[in-house]
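Let me begin by presenting the structure, written as structure tokens, before commenting on it.
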Amino acid sequence: MQRAALVKWLAIGILAITMLMVATMYPYGVLFVLVLAGGAALQPRYGTRAWMPAVLSVGLAVIFVFMTWSALNFRQEMKQVLSIKPGQSVPVESGPVRVNIGLMLSSTPFDKIPLPEKAGRAGLLGGVILGAILAVGYRQGTEHGPDRVHGLKVASGAAQKGTSRWAGDADVAKVAEFGPPKEGKYGGGTIVGKLRGRIVRLQPEKSKPPLPQHACVVAGTGAGKSFSFVIPNVVSAAMEGESVVVTDPKGELACTLGPWLKSKGYKVYLFNLGNPEWSMCWNPVMECQDDEEITAFATAIVQNAARDNSGYFVMKEIQLLKALIYLLRADFPVEQAHLRSALSLLSWPKEALDRRFSEAYRVGRLPQVGYEEWCGSVSSNYDNAVSGLTAKLGVVRAESVAKLLSRHEIDLSAIGREKAVLFCVLPIGAGHLKPVLASFYYFFFRRLYGLAAENGGRLPNPTRFILDEFANVGQIPGFVEVISTARSLGIKIQFVLQGLKQLQDVYGGPEAIMANCPIQLFLGGDDATTTRYFSSRLGEAAVYAESERKDVTMPWNRIEIPKRTETIVRRALMEPEELSRMDPMAAVCLVRWCLPMYLQKLGWTELPQSKDILSLAVAKLSELQPARPDVVVDLPEIPEGRNDEAPDRDRSFERGSDLNADGGIGDFLKSPKDEPENPDYL
């Protein structure tokens, strides 16, 4: 770094000496050098906008010199024409005026030079000055900027009218780095767009105290969430060496990014719910390790498969599913211990299933907690629980899903130990897969938390979750606790929604989750809840506003010039309706402890890594993941027998007293005709 800095300053010194020598000979010519050098210096910071002053200044200067030269030629020709006497037939020989460019550029204002060079010099200066004025006017005419809100100038010292405004480079520098992602410390970050031509990579860890990089991205249909957020941030994570878990609708991201990530030393995993022949398998039944995980898994399956995810019968279904999971893990071969077998067990005669539970418990294979769950589920309303759970497990009846969940091949904790990427490919219309996806991500977080606990509270390799179509993932058990504690473990969670209403529908209220997302990005959309939220969060600014006043009482008053007044008013940075019709290439970003940003979207093809990505991309998933041998789903054989009531027996010694057990007080109080319709009576 010291050698590079020395070379840099040496080059600057040589350039300065050269320009000084040129200035002594060509004081006006050096203006061109300064203007062009300024544009080149500012180009990395402001992009093509940096060349606007140079283009206007140089362009107008050349135009003005040409105009003065043309005027001199016209003057000479007119002088010669007027000098012809009446009746004179001698042709007039005339030629264009010659301008000595070297003399024009090397003269000083005090030198006496011929008229053509003097006129050219005047045109040169006039063009440069006018170009500079127009460039400044172009910059100040920006609709949104640190000193402009909808083209209105922001007033200073008027806090009573509003303190918000759009952020500039200096405001963002404390929480961001600029430029495309690169390798090294602070080389990654969260890419949110371009601020005045510069790529913004948010690095909240730079702030004091550091903030997590959790992000909520809201993008309506066609807003470019994959093109301008998902892919750029996968690239950014790779530049920083982070592992990545990304939800991939339709498998396009895996085809585009998978080969490039492999070339960067990443191990690529593919969990393909749409096409299982190009996927690795994962068995959630065998993933469970304790009662807490079995409970969370059963809850995720049942609650995400129903709109009404609470109530007595839902709890009975969860209890029954927990019992079946315990039995599958304890008393069935590994090949049959999967979720599709749980659906098969629901079709067993209750007497045969009860006998299987009892035998497994007596010989010590089934833990007591599993037998207790079975006794509780079979004590009452068993048929209701069976019918409800059978409907909710219908998602695993599909052969493709059943195959994926029948074997255990993915080590979820491996993502946190090494550089790896996992693409969770979703088919079109993946809403019915919410029970599977919610369970998958729940176990993912559990395994990473366990790995971090084994390594001093932090993952060996930081991991970033980029969850597109987050609403289709379903309700992940304990997600609010995860997003509030994940930063210290080296986990970043960034999810994409089509509207904040989706978050409310899934989790009941977005406040707890949004409060843990220091980065909130709006890429466009017309959801009323979303636009109202971002409008209120952007705040209001104090701006100068002009108004006209004219007295029209009498007819002759209409010809008077109106009086113009300027006042300071309160103006919202963006009203809800303005957000809904925002420029499709614009975005709005909120970052905690920073002024809001009005950005231009960044297409991933603008990144320097895009050339390599496009050259390595494949057209089909089969080119990334070879087709695997067909998976055979092994199911337990359904025993013969009638689906009648289990034999009456006293289970009090096994599970304690139960008011609703056969022969108990609850059974005595029940009507002999029918079961209670209101579960609150139980």
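Couple of notes before you dig in:
- Positive minus negative residues near LEU467 (Lys, Arg vs Asp, Glu; Cβ under 14 Å): +1
- With the biggest extent put first, the Cα atoms of region 165-236 measure 36, 32, 23 Å across the principal axes.
- Neighbour counting of Cβ atoms within 10 Å sorts the residues TRP374, TRP593, TRP260, fewest neighbours leading, into TRP593, TRP260, TRP374.
- Rounded to 0.05, the FRET efficiency of the TYR544 and ALA173 pair, given R0 = 22 Å and the Cβ-Cβ distance, is 0.25.
- Phi-based couplings in Hz for region 549-555 (Karplus 6.51, -1.76, 1.60; Gly and Pro marked x): 9, 9, 7, 10, 4, 9, x
- The GLU409 and SER536 beta-carbon pair, evaluated with R₀ = 45 Å, returns a calculated FRET efficiency of approximately 0.40.
- Environment charge at VAL618 (Cβ cut-off 12 Å; Lys +1, Arg +1, Asp -1, Glu -1): 0
- The length gained on full extension between SER263 and ASP147, counted as 0.36 nm times the residue separation minus their Cα-Cα distance, comes to 37.3 nm.
- Other-chain or far-sequence residues with amide H under 5 Å of PHE332's (modelled H): none
- Fully extended contour minus Cα-Cα distance, from ARG558 to LYS185, at 0.36 nm per residue: 127.6 nm
- Computed extension gain for ALA159 through ILE638, at 0.36 nm per residue and net of the alpha carbon distance, reaches 164.9 nm.
- 3J(HN,Hα) couplings calculated from phi for region 518-534 with the Karplus curve 6.51 cos²θ - 1.76 cosθ + 1.60 (θ = phi - 60°) are, in sequence order, x, 10, 10, 10, 10, 9, x, x, 10, 5, 5, 4, 5, 5, 5, 5, 5 Hz; Gly and Pro show x.
- Placing unit charges on the Cβ atoms only, positive for Lys and Arg and negative for Asp and Glu, gives region 494-620 a dipole magnitude near 100 debye about its Cα centre.
- As a rough footprinting exposure proxy, the listed residues TYR598, TYR312 were ranked by other beta carbons within 10 Å of their own, and the order from fewest upward is TYR312, TYR598.
- Between the listed residues THR529, ASN557, PRO576, the Cα displaced farthest toward the positive end of the dipole of region 520-588, a dipole computed from Cβ unit charges relative to the Cα centre, is found at ASN557.
- THR190, THR530 arranged by Cβ crowding within 10 Å, fewest neighbours leading: THR530, THR190
- Here the dipole of region 363-462 is about 280 debye; that uses its Cα centre as origin and unit charges on the Cβ of Lys and Arg (positive) and Asp and Glu (negative).
- Interchain or long-range residues, amide H under 5 Å from VAL149's placed H: VAL154
- Derived value for region 199-326: Kirkwood hydrodynamic radius 18.4 Å. Basis is the mean of 1/r over every pair of different alpha-carbon atoms.
- In a DSSP loop and with at most 11 other Cβ atoms within 10 Å, the trypsin sites (Lys or Arg not before Pro) in region 241-317 are ARG307.
- Listed residues GLY168, ILE199, GLY189: farthest to the positive end of the dipole of region 158-204 (Cβ charges): GLY168
- Gyration tensor (Cα) of region 433-552, equivalent ellipsoid semi-axes in angstrom: 39, 18, 10
Each reported figure results from applying straightforward, stated rules to the coordinates on display, with no laboratory input. Since we're looking at a predicted model, the values are computed, not measured. Note: ideal-geometry Cβ built from the backbone for every residue, glycine included; neighbour counts use all protein chains shown.
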